[in-house]
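As structure tokens, the structure follows; a few thoughts come after it.
The values are calculated or read from the model by the stated rules, or taken from the named source; none is laboratory data. For clarity, every value in this text was computed on a predicted model and none was experimentally measured. Glycine also receives a Cβ, built like all others from the backbone with ideal geometry; neighbour counts cover every protein chain displayed.
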Amino acid sequence: MFLLRSILSIPQGLVTVAIAFFIISPASAQLIQISGNGRIISNGDTTPSTRDHTDFGQVEAGAGPVDRTFVIRNLSQVPLQILFFQRTGTHPGDFTIIDPPEPSIPGNGDASITVRFLPPDIGGQRSATIRLVTTSSVDSDFQFDIAAELILPAPNIIISGNDLLIPDGATSPLVSNNTDFGTVGLESPGRTRTFSIRNDGDQTLRIGVVSVTGINSDQFTIDRAPATFIPPGEESSLNVSYNPNREGTHRVSILITSNDPSPTKRTYSFTLRGTGVSQQPSITVTGNGLEIISGDDSPSPDNHTLFPDTDLQSISTRIFTIANTGDSTLTISSVDILGPHAPDFGISGSPPSRLAPDETFPLRITFRPAEQGARLANLRIMSNDPSTRAFEISLEGLGGRFKLLGVEKVEDDTVITFSTRTAPGAYIYRILYSSDLESWDQIGSIFSGGMEILQFRHRNSRSPRKGFWKVEESRL
């Protein structure tokens, strides 16, 4: 097996020194190599791994056999003889060798050996040692450990957000699976995310403690805990809210204990993240598409703060738009009409108490003068806009020179009674009708010399469920 070759002789007096070394002759040496899953296995390996197939992985107890094939390679040029192989160790009876190789492997050839795991109907770790004795010059007694884990029927907890799996131990929050709550204003109502807890096992999953941990745990709240018992194949919801009260990025861990037997899942954990920012609402009021600045005391027809001349006891309407142009919720605490002639102006409908960012609301203001002449009032809107807590603008309208005295039903007709001017002259009074206070149709007209009370009969006007009438005056 070894050759001794003389390299050099050096005379030193009467002594000749021979320098020599041993080399392995490839013509006669026999070398063995064993691999699994394409990875070389070292002789004496006691750490089974799924990477080289020495670890058979998790197998359901009592399930069918699991096979792993290993390759025996002869690295020499002469045949390698397999003298015998055997199973030893803790559970050799759970593993058997099927399809054994031929007893002789040609030079530079290989053969395979298949080990079969027969899962017993119990749980726990199972292991054994495979031993091959060959004529190899090195590692003639080759041994390596194999193992498998038996899994009994059990619950299996799976958590997802937005239908995407959240792995146990996940520490990188994502918007896609609801673990990243994004940016939330400090004064906003917060943000809630829903997570699904599913039992993919074949035994009932029992949920223990669900908790939020970390230095920012006060920024997150569990609004809805999952059910305590989740049958196989079913799921339950977990709702978590993020309500920041300070600026910055906040990270916490969600911990969920259960009876899932997997060591890593007995306490299922994943990280949540949210960013609190200081946001503020901002109130903006427009009329006729033009912005009206708080404090405006010069009513104008352009922005509808100056109402058109309106007959006594008739109604004119203007619509203003309240918008939240800020980045947090606008809270409206009150909308009032103030001033010397406030009763002549009215608010139609109920304004909302809250407007989300970019949300708008049409505010309808009516003007119904009780007396002739200029009628003055102020519109005041109280809100949480930090720069304009009290938004206030002036309103003005002109009461007409004549008075609508009454509108009454007479059989199928409507009779409109009004007084004309107290000064003599030539006047045309046009009677108009509307079903919505927006569009008006002239239904008739009357000539008058003034100083009288007139009536106009609107024929067959009973059919509409509601109606509005007004009278307009023109001097000839």
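Whether any residue in the stretch 216-235 is in a helix (DSSP H, G or I) and surrounded by fewer than 21 Cβ atoms within 10 Å (Cβ to Cβ) is what I want to check. The answer is yes; a qualifying residue exists. For Pro301, the criteria (1) under 30 Å from Ile365 (Cα atoms); (2) modelled with pLDDT of 95 or more; (3) not small (Gly, Ala, Ser) hold in every case but one, which is (2). In the condition set (1) modelled with pLDDT of 95 or more; (2) surrounded by fewer than 19 Cβ atoms within 10 Å (Cβ to Cβ); (3) more than 30 Å from Thr204 (Cβ to Cβ), Asp52 is compliant with all but (2). Against the conditions (1) of a type outside the set (Gly, Ala, Ser); (2) surrounded by fewer than 16 Cβ atoms within 10 Å (Cβ to Cβ); (3) outside the structural domain of Arg364 (by TED's automatic domain parsing), Ile254 satisfies every one except (2). Does the stretch 313-327 include one or more residues that are surrounded by fewer than 17 Cβ atoms within 10 Å (Cβ to Cβ), of a type outside the set (Phe, Trp, Tyr) and under 30 Å from Arg191 (Cβ atoms)? There is at least one residue in the stretch 313-327 that is surrounded by fewer than 17 Cβ atoms within 10 Å (Cβ to Cβ), of a type outside the set (Phe, Trp, Tyr) and under 30 Å from Arg191 (Cβ atoms). Asp302 satisfies every condition listed in (1) surrounded by fewer than 16 Cβ atoms within 10 Å (Cβ to Cβ); (2) touching a residue at least 24 places away in the same chain (Cβ under 8 Å); (3) not in a strand (DSSP E or B) except (2). With respect to the conditions (1) farther than 30 Å from Gly124 by Cα; (2) surrounded by fewer than 21 Cβ atoms within 10 Å (Cβ to Cβ); (3) of a type outside the set (Phe, Trp, Tyr), Gly208 lacks only one, and its number is (1). Return yes or no: is Ser127 touching a residue at least 24 places away in the same chain (Cβ under 8 Å), closer than 27 Å to Arg39 by Cβ, in a loop (DSSP other than H, G, I, E, B) and out of contact with any helix residue (DSSP H, G or I) (no Cβ under 6 Å at 6 or more places or on another chain)? So Ser127 fails the test. For the condition in the same structural domain as Val209 (by TED's automatic domain parsing), out of contact with any Phe, Trp or Tyr (no Cβ under 7 Å at 6 or more places or on another chain) and not in a strand (DSSP E or B), Asp297 does not qualify.
Looking only at the stretch 239-251, filter to residues that are surrounded by fewer than 22 Cβ atoms within 10 Å (Cβ to Cβ) and either outside any loop (DSSP other than H, G, I, E, B) or among the small types (Gly, Ala, Ser) (or both); which one of those is modelled with the lowest pLDDT? Residue satisfying both the conditions and the ranking: Gly248. Which of the numbered conditions does Leu75 fail, given that it passes all the others? Conditions: (1) in contact (Cβ under 8 Å) with a residue 40 or more places away in the chain; (2) under 58 Å from the mean Cα position of the chain (by Cα). Leu75 satisfies all of (1) in contact (Cβ under 8 Å) with a residue 40 or more places away in the chain; (2) under 58 Å from the mean Cα position of the chain (by Cα) except (2).
Just one residue in the set Asn259, Asn216, Asn245 is within 19 Å of Leu174 (Cβ to Cβ) and in the same structural domain as Ser196 (by TED's automatic domain parsing); that residue is Asn216.
In summary, Ile122 fulfils each of the numbered conditions (1) in a loop (DSSP other than H, G, I, E, B); (2) in the same structural domain as Arg193 (by TED's automatic domain parsing); (3) out of contact with any Phe, Trp or Tyr (no Cβ under 8 Å at 6 or more places or on another chain) with the single exception of condition (2).
Counting residues in the stretch 349-358 that are in contact with a Lys or Arg (Cβ under 9 Å, 6 or more places away or on another chain), assigned by TED's automatic domain parsing to the domain that holds Ser294 and surrounded by fewer than 17 Cβ atoms within 10 Å (Cβ to Cβ) gives one or more.
Annotation note: of Val210, Val184, the sole residue that is part of a strand (DSSP E or B), outside the structural domain of Val59 (by TED's automatic domain parsing) and modelled with pLDDT under 95 is Val184. Taking into account only those residues within the stretch 276-293 that are hydroxyl-bearing (Ser, Thr, Tyr) and modelled with pLDDT of 95 or more, which is surrounded by the most Cβ atoms within 10 Å (Cβ to Cβ)? The qualifying residue surrounded by the most Cβ atoms within 10 Å (Cβ to Cβ) is Thr284.
If I go through the stretch 91-108 residue by residue, how many of them are within 58 Å of the chain's Cα centre (by Cα), at negative phi and surrounded by fewer than 13 Cβ atoms within 10 Å (Cβ to Cβ)? So that I can check it myself, show each step before the final result.
Within the stretch 91-108, the subset within 58 Å of the chain's Cα centre (by Cα) is 91-101.
Add one more test, that the residue is at negative phi, and what stays is 91-98, 100-101.
Filter once more, keeping what is surrounded by fewer than 13 Cβ atoms within 10 Å (Cβ to Cβ): 93, 98, 100.
Within the stretch 91-108, residues that are within 58 Å of the chain's Cα centre (by Cα), at negative phi and surrounded by fewer than 13 Cβ atoms within 10 Å (Cβ to Cβ) number 3.
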